[in-house]
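Working notes, beginning with the structure itself.
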Amino acid sequence: MSLEARGIEVWRGRGRVAGPLSLEIRPGELLAVVGPNGAGKSSLLAALSGELRCKTGDVFLEGRALHQWPYVERAQRLGVLPQESSLGFGFTALEVAVLGRSPHARRGGDPSDLEVARAALDATDTQHLASRAYTTLSGGERQRVQLARVLAQLWTPPAHGHRYLLLDEPTASLDLSHQHLVLERARTFAQEGGAVLAVLHDLNLAARYADRIAVLDQGRCVETGTPSGVLTPALIAETFGLQVEVVARPDLPGPLVIPLGRAPAPP
């Protein structure tokens, strides 16, 4: 069982933005997707979440085409944290987190939904913001509250199958401490049997927390493997145009990438 893209191509308007590519997100692991700007990372995530339909190929959730899943059943298994989440209503942070329980709603409500929402706020270090209006929060606080909403959505494992968490640049607006908190929570989600895909820009965060890394460039997956196997000076220079030193650290799960400067342009 997995979330799998099989030979997909994703188009926006008249242009292809990702593909053809195949990629599998497996329960029990965190897969980081990295690549330069415009590589197709967010478009891949949009296809995996069902936001964008594929022009060719398809996305399969546990063996069934994603678009064939009933909306509620899919939402009970698949949660997405986008780069930005707009909300113009004066909901409190707790009310935003409770929205994540919508796929599990019962007539008359369930008191446990409030408990789950509070636990999700606690997991994202936003419990102290529970009564604050969402519109008054900083960008980083909003991002963590939205993560709490998605965690609340996936808090209850389905009776059959697994849970899948898709994160699009979840650390972009966060301070250093909360970048690690969010990815530690994602790791915990994977260790509990869920599957996580996280689009990241920071190669060292990817090396630190990912079980596997997929490198995208010009809409295609150019390399997939362990952090130590993928993050080589040659690949980083070719893909990112950056000269680096890659240092193995026995005290860390992945290597340390040290930038040295922009790579010379190819002749």
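The values are calculated or read from the model by the stated rules, or taken from the named source; none is laboratory data. Fair warning: this is a prediction, and the values are worked out from it, not measured in the lab. So basically every Cβ, Gly included, is an ideal-geometry build from the backbone, and we count neighbours across all protein chains shown.
Any chance you could count how many residues in the range 1-24 are under 14 Å from the mean Cα position of the chain (by Cα) and either buried (at least 23 other Cβ atoms within 10 Å of the Cβ) or farther than 21 Å from ALA190 by Cα (or both)? So the answer is 1. Cβ-Cβ distances below 7 Å connect the following pairs, each with a first residue in the range 84-105 that is in contact (Cβ under 8 Å) with a residue 12 or more places away in the chain and within 15 Å of LEU121 (Cα to Cα), a second residue that is aromatic (Phe, Trp, Tyr) and in a helix (DSSP H, G or I), and a separation of six or more residues or different chains: PHE91/TYR134; THR92/TYR134; ALA93/TYR134; VAL96/TYR134.
Can you name the residue in the range 208-219 that is within 12 Å of LYS41 (Cα to Cα) and surrounded by 21 or more Cβ atoms within 10 Å (Cβ to Cβ) and, of all such residues, is farthest from the chain's Cα centre (by Cα)? Reasoning before the result, please.
So the first thing to find is which residues in the range 208-219 are within 12 Å of LYS41 (Cα to Cα), and the list is 214-219.
Imposing the further condition that a residue be surrounded by 21 or more Cβ atoms within 10 Å (Cβ to Cβ) reduces the set to 214-216, 219.
Working: ALA214: 13, VAL215: 14, LEU216: 15, GLY219: 18 Å.
Among those residues, the one meeting the criterion is GLY219.
For the range 50-58, the condition holds for at least one residue, the condition being that it is among the aliphatic types (A, V, I, L, M) and under 20 Å from TYR164 (Cα atoms).
Please verify whether the range 178-199 includes one or more residues that are more than 26 Å from ALA148 (Cα to Cα), out of contact with any Cys (no Cβ under 8 Å at 6 or more places or on another chain) and of a type outside the set (Lys, Arg). Steps first, answer last, please.
Narrowing the range 178-199 to residues more than 26 Å from ALA148 (Cα to Cα): none.
No, the range 178-199 contains no residue that is more than 26 Å from ALA148 (Cα to Cα), out of contact with any Cys (no Cβ under 8 Å at 6 or more places or on another chain) and of a type outside the set (Lys, Arg).
Working only within the range 225-240, note down all residues that are loosely packed, with under 14 Cβ neighbours inside 10 Å and closer than 22 Å to ALA198 by Cα.
The first filter runs over the range 225-240 and keeps only residues loosely packed, with under 14 Cβ neighbours inside 10 Å, leaving 225, 229, 234.
GLY225, GLY229, listed by residue number.
Any idea which of VAL222, VAL244 is surrounded by fewer than 20 Cβ atoms within 10 Å (Cβ to Cβ), of a type in the set (Val, Ile, Thr), in contact with a helix residue (DSSP H, G or I) (Cβ under 7 Å, 6 or more places away or on another chain) and not in a helix (DSSP H, G or I)?
Numbers: VAL244 fails: surrounded by fewer than 20 Cβ atoms within 10 Å (Cβ to Cβ).
Only one candidate qualifies: VAL222.
Okay, residues lined up against (1) out of contact with any helix residue (DSSP H, G or I) (no Cβ under 7 Å at 6 or more places or on another chain); (2) assigned to a loop (DSSP other than H, G, I, E, B); (3) not hydrophobic (A, V, I, L, M, F, W, C):
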| residue | (1), (2), (3) |
| --- | --- |
| GLY7 | yes, no, yes |
| TRP11 | yes, no, no |
| GLY28 | no, yes, yes |
| VAL33 | no, no, no |
| ALA39 | yes, yes, no |
| SER43 | yes, no, yes |
| ALA47 | yes, no, no |
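Being loosely packed, with under 13 Cβ neighbours inside 10 Å, out of contact with any strand residue (DSSP E or B) (no Cβ under 7 Å at 6 or more places or on another chain) and under 25 Å from ALA190 (Cα atoms) holds for only one residue in HIS128, HIS160, HIS104, and it is HIS160.
The criterion of at least 1 residues that are in contact with a Ser or Thr (Cβ under 9 Å, 6 or more places away or on another chain) and farther than 30 Å from GLU62 by Cβ is met by the following helices (runs of 4 or more DSSP H) wholly inside the range 85-203: 93-99, 139-153, 176-191. Of all residues in the range 179-201, none that is on the phi > 0 side of the Ramachandran plot and at pLDDT below 95 has its Cβ atom under 6 Å from the Cβ atom of a residue that is among the β-branched types (Val, Ile, Thr) and buried (at least 19 other Cβ atoms within 10 Å of the Cβ), 6 or more apart or on another chain. A count restricted to the range 113-129 and to residues that are farther than 13 Å from GLU141 by Cα and either β-branched (Val, Ile, Thr) or touching an Asp or Glu at 6+ places or on another chain (Cβ under 8 Å) (or both) stands at 1. Taken over the range 200-246, the residue count meeting the criterion of being touching a Cys at 6+ places or on another chain (Cβ under 8 Å) and β-branched (Val, Ile, Thr) is 1.
Please go through the range 25-58 and give me each residue that is among the polar types (S, T, N, Q), in contact (Cβ under 8 Å) with a residue 24 or more places away in the chain and surrounded by fewer than 18 Cβ atoms within 10 Å (Cβ to Cβ), ordered by number. Steps first, answer last, please.
Quick first cut of the range 25-58, residues among the polar types (S, T, N, Q) only: 37, 42-43, 49, 56.
Now restrict to residues that are in contact (Cβ under 8 Å) with a residue 24 or more places away in the chain: 42-43, 49, 56.
Hit for the range 25-58 is THR56, nothing else.
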